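Working notes for the structure below.
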Amino acid sequence: MGEIYSDMDKPKITPAGKDCYPELISLWEASVRSTHHFLSEEDILYYRNAIERDYFPAVDIYILRNVEMQITAFIGLSNTMIEMLFVRPEEQGKGYGSELVDFAFYEKGIELVDVNEQNPDALAFYIRKGFTVIGRGEVDSAGKPYPILHLRKFRTAFLETERLLLRPFDEDDLSDFFSYCHNPNIGNNAGWKPHDTPEESLEILRTVFIGKENRWAIVKKSSQKLLGAVGLSPDDLRKNPKALMLGYWLGEDYWGCGYALEAAQKIIDYGFNHLGAALITANCYAENERSLRLLSRLGFVLEGTLHEAELLPTGETRDYKCYYKKRNL
């Protein structure tokens, strides 16, 4: 079978044929017994009989082998979903599952997966990989009373500038993310309460940044250091789906270095040329002079002042200075 995905530092992912089924079923059972503790013996026997007869023929199966050429992990893909992913118990935690999920997402364009609600380790794995829970079902695909969580990984492009990598966030960013978001000079200017604890930052990472479409971590290429964030989102103040709003923030140590300008310009170009935006907007507080200067350098036009646009927890109100930039036709 031909190699379809390789890297000099990574094991090779290859397609599996029917001749692999016996080894795959053995691997499946060992993995299920080590992770799916909520299943009864009767359930395991039921699924074991069904997997070769019904499930394997319905998906494209790809495998990873260890140095002894033993199949150590496999993934089953339909046209739209990761239908199955299993790793030998003794090989778990070595990156095999992560490698297969990256293959499914980046090489095959698959963004969806279902996870048993009673398998918290699998759920945690997919969340670490940038997936987000988007729904829930009371029964599994066989109609058995095992709730299923529906997950999706939203697609955010990897972009580069001369000095920066713009990439999706992940949980490994937590330490730097908290150190910046804890700083009141950042939060107060950006319009959110400074974070009190790493746990608060982790929750916001998961709900606002990780797995969310078109929200990028700003990373310095030379050091791989997280510097801040930049993103595009629908402009909720306009009834126009082709209007996107630019948002950004940067760690205070990196102010005045041109990083925000470099990152924002790349994202603006991406919004116009790849996302089809006709208009990109940006709002900032009237007293945020750094942001006002940045928007001017980016070629934004002052549209006006939205008075008393935001009510703060203190009871104070803030005005927005509203800017826009049109696509050059």
Filtering segment 180-192 down to residues that are on the phi < 0 side of the Ramachandran plot and crowded, with 16+ Cβ neighbours inside 10 Å yields Tyr180, Cys181, His182, Asn183, Ile186, Gly187, Asn189, Ala190
Every residue from segment 273-287 that is part of a strand (DSSP E or B) and either more than 18 Å from Trp192 (Cα to Cα) or not assigned by TED's automatic domain parsing to the domain that holds Gly187 (or both):
Leu279, Ile280, Thr281
Tell me, which residue of segment 122-147 that is surrounded by fewer than 12 Cβ atoms within 10 Å (Cβ to Cβ) and not in a loop (DSSP other than H, G, I, E, B) is farthest from the chain's Cα centre (by Cα)?
Arg136
Within segment 208-238, how many residues turn out to be modelled with pLDDT under 90 and surrounded by fewer than 13 Cβ atoms within 10 Å (Cβ to Cβ)?
1
Answer yes if at least one residue in segment 279-287 is farther than 29 Å from Arg163 by Cα and either touching a Gly at 6+ places or on another chain (Cβ under 8 Å) or not acidic (Asp, Glu) (or both), and no otherwise.
yes
Can you name the condition, by its number, that Asp176 falls short on among (1) outside the structural domain of Ile13 (by TED's automatic domain parsing); (2) in a loop (DSSP other than H, G, I, E, B)?
(2)
Within the set of pairs 6 or more residues apart or between chains, which connect a residue that is more than 20 Å from Glu117 (Cα to Cα) inside segment 39-57 to a residue that is of a type in the set (Ser, Thr, Tyr) with Cβ atoms less than 6 Å apart?
Glu52/Tyr21
When residues of segment 89-111 are limited to those that are part of a helix (DSSP H, G or I) and among the charged types (D, E, K, R), the one farthest from Ser26 (Cα to Cα)
Glu107
Search segment 115-143 for residues that are assigned by TED's automatic domain parsing to the domain that holds His37 and pair each with any residue that is among the β-branched types (Val, Ile, Thr) and in a loop (DSSP other than H, G, I, E, B) when their beta-carbon atoms are under 7 Å apart and the residues are at least 6 apart or on different chains.
Gly130/Ile210
Within segment 193-207, the residues that are over 26 Å from Glu262 (Cβ atoms) and surrounded by 15 or more Cβ atoms within 10 Å (Cβ to Cβ) are Pro198, Glu200, Leu202, Arg206
Could you tell me how many of the residues in segment 288-305 are surrounded by 12 or more Cβ atoms within 10 Å (Cβ to Cβ) and not in a strand (DSSP E or B)?
11
For segment 304-321, pairs from a residue that is within 12 Å of Glu287 (Cα to Cα) to a residue that is at pLDDT 85 or above and of a type in the set (Val, Ile, Thr), with Cβ under 9 Å and 6 or more apart or across chains, are Asp319/Thr305; Tyr320/Thr305; Lys321/Thr305
Do we have Leu312 as out of contact with any Phe, Trp or Tyr (no Cβ under 9 Å at 6 or more places or on another chain), among the aliphatic types (A, V, I, L, M) and surrounded by fewer than 17 Cβ atoms within 10 Å (Cβ to Cβ) here?
yes
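The values are calculated or read from the model by the stated rules, or taken from the named source; none is laboratory data. Just so you know, these numbers come straight off a predicted model, no measurement behind them. Backbone-built Cβ (ideal geometry, glycine too); neighbour counts: all protein chains shown.
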